[in-house]
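Read through the structure below, which is laid out as structure tokens, and then see the notes.
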Amino acid sequence: MKNFIIVTLVAFGFVFALNTVGPVNVQAATSPTLNALTNYSVLGGQAVTCIGTTTTSGAVGVSSGTSITGFPTPCIAGGGTHSNDASAIAAQAENLATFTALDQPCDQSFGAVDLTTTFPSGVSPGVYCSTSSFTLSGNLNLTGSGVWIFKTVSTLITSPGSSVTGGDPCNVWWRIGSSATLDTTTSFIGNIFGLNGANTINTGATLNGRLLAQDPSTVTLNGDSITGPVCSATTTRVAATPPSLP
């Protein structure tokens, strides 16, 4: 009888444990909601300089600085320019708040990392962090549906001809602790938030997204194209789910 009770209690505990298993690694990335920044393609802190034939689908702004050069010629800002006016000031405030909101728990952490060689088969939705810097030497393929956040305490630098493909540009976020440089003929997607430093997009590069830099950062555009972000027709956010029970 005693053995029967022990076995029964053990079995009950096992069943109870099965039915109380919680979610595993629930760190689904979430996209911030933009308001004041929605119509912006480029935002600088101290200055935005265009030295090539650049086109942007959205507005170009600066705050708290006032310097915007190269617009409306030779460069074209589809949403006009805003030099430390009410629109730019509101956008810069939201820029700071969004940078903070993107500081979400890491799913994977690295030191200095080349995203191309680290994820040769593609990278699924999640939060990917570097305690140093991100580089991109070739293609980075975003696989599946969801939200991607890439956080680094330092720089993002791409090689000429590199690219980011897949994913939904409206759900791809780059939180850069210093500055971003998209080199010549880079094809890039997502919303880039730079904390400080000189941000640059070089000749022939394309960005389906936004380049948003905080004060006192600068932005230099040189013969490139910024559109969107052009969102996918449907957006599916994938959250981690509990393991299935027998």
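The values are calculated or read from the model by the stated rules, or taken from the named source; none is laboratory data. Treat the numbers as computed from the prediction; the structure is a model and nothing was measured. Don't worry about glycine lacking a Cβ; one is built from the backbone with ideal geometry, like all the others, and counts go over all protein chains shown. Remember, those area values only see protein heavy atoms, side chains included, never the ligands or the DNA or RNA. Shrake-Rupley method; radii C 1.70, N 1.55, O 1.52, S 1.80 Å.
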*With θ set to phi - 60° and the Karplus curve 6.51 cos²θ - 1.76 cosθ + 1.60, what are the ³J(HN,Hα) couplings of the range 61-69 in order, to the nearest whole Hz, using x for Gly and Pro?*
x, 8, 5, 8, x, 10, 8, 10, 10
*Which percent of Cα-Cα pairs in the range 64-195 sits in each 10 Å bin, short to long?*
12, 39, 32, 16, 1
*Taking the radius of gyration and the Kirkwood hydrodynamic radius from Cα positions alone, what is the Rg/Rh ratio for the range 80-143, to two decimal places?*
1.14
_Summed side-chain charge close to Asn202 - residues other than Asn202 whose Cβ falls under 15 Å, Lys, Arg +1, Asp, Glu -1_ = -2
*Could you rank the peptides 213-220, 57-64 by their average count of other C-beta atoms within 10 Å per residue, with the highest value first?*
57-64, 213-220
*Check: the range 68-221 dipole with +1 on Lys, Arg Cβ and -1 on Asp, Glu Cβ, in debye*: 100 debye
*Please work out the C-alpha center-to-center distance from the range 38-81 to the range 104-140 and express it in whole Å.*
29 Å
_Whole-number accessible area per residue in Å² for the range 76-156, which is evaluated in the context of all protein chains at 1.4 Å_ = 40 Å²
*Over the range 90-246, what percent of the accessible surface lies on carbon and sulfur atoms, probe 1.4 Å?*
56 percent
*Given a cut-off of under 8 Å on Cα pairs at least six residues apart, what relative contact order in percent is computed for the range 163-223?*
32 percent
